[in-house]
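Okay, so here's the structure we're looking at.
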Amino acid sequence: MFLKEALNISNNQKYELVWKWPDIAHKDTKEGLIKIVGILKKLNIKLNIMTSLLGMNSYLKDNYSVNIYGSYALNVFNSISASNLKDFDLLTFSPELSINDLKTLMDNYEVKNPVPEVLVKGNIETLITRKPFIDKKHYSYINSICNNNPKFNFIKDKSINDINFYLDDLKNNFYPIKSVEGGNLILNSRETSLEDQIPPRLVSFGINNFSIDARWKSKDYLLNLKL
């Protein structure tokens, strides 16, 4: 449903639509994804794919003639790693790299193939699990508490997918939990924020591709970004 909606929105637009695949996918999930790619090919719809599933990248390029972009989950942190992933058309470097680390990487990345990209804004994924944190039994318990407390009326009758859940640690950092197909993601408690480094430094390193992870963000979030 979401893929169809994205295709409709992007129809006749000047930007490129890229389908982000899950970074951990079991056999049945992979087979389902490949089946959809095959259907799109028969419909003469080319949809480029972002993935970190090594092996799938070369298979998709050889059989479906799509561009393959490597997500930051590949944790590319030096020029040797980047140069050895030539089956990708673009690589998003590890978000754990500092500005100085990125400069060192680019100074040694002579070929620049695959094309380098840096995530400049967003909550990165820190953990993915196939087992749901909040299942129907938990949700029923939460709902029973909320129904007996007027303070939680805003949750009443809401779907489990419409409620924001978090993990917190001893330092009061809150990690958003998001439901995805086949499991749950735990996002970092703090956003990566490198947008102020694009013109002065990142471009001077030779990086001209930048990404924003705005999943689960509002329209206002995007409109207020200053890039």
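The values are calculated or read from the model by the stated rules, or taken from the named source; none is laboratory data. On a predicted model such as this, the values are computed, not experimentally measured, just so you know. All Cβ positions, even for glycine, are placed from backbone atoms using ideal geometry, and neighbour counts span all protein chains on display. To get the accessible areas, we keep the full protein, side chains included, count just its heavy atoms, and leave off ligands, DNA and RNA. Shrake-Rupley method; radii C 1.70, N 1.55, O 1.52, S 1.80 Å.
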When only DSSP loop residues count, what GluC sites (Glu not before Pro) in segment 32-118 have their Cβ near at most 16 other Cβ atoms within 10 Å? Glu96, Glu110
Peptides ranked, highest mean first, by Cβ atoms within 10 Å: ranges 187-196, 48-57: 48-57, 187-196
Please identify the GluC sites (Glu not before Pro) of segment 1-87 that satisfy two criteria: DSSP loop assignment and at most 12 other Cβ atoms within 10 Å. Which are they? Glu16
Rounded to the nearest 0.05, what FRET efficiency do Asn67 and Glu31 have when you use their Cβ-Cβ distance and R0 = 22 Å? 0.50
Reduced Cα scattering model of the chain, Debye log10 I(q)/I(0), q = 0.15, 0.16 Å⁻¹: -1.18, -1.30
Write out the chymotrypsin sites (Phe, Trp or Tyr not before Pro) in segment 196-227 meeting two conditions: DSSP loop, and at most 16 other Cβ atoms within 10 Å of their Cβ. Trp216
What is the list of residues in segment 111-149 whose amide nitrogen lies under 18 Å from a point 7 angstrom out from the Cα of Ile163, following Cα to Cβ? 132-149
Let me check against my output: what whole-number percent is the relative contact order of the chain, with C-alpha pairs under 8 Å and at least 6 apart? 17 percent
Could you tell me what percent of the accessible area of segment 1-138 is made up of carbon and sulfur, with a 1.4 Å probe and every protein chain present? 53 percent
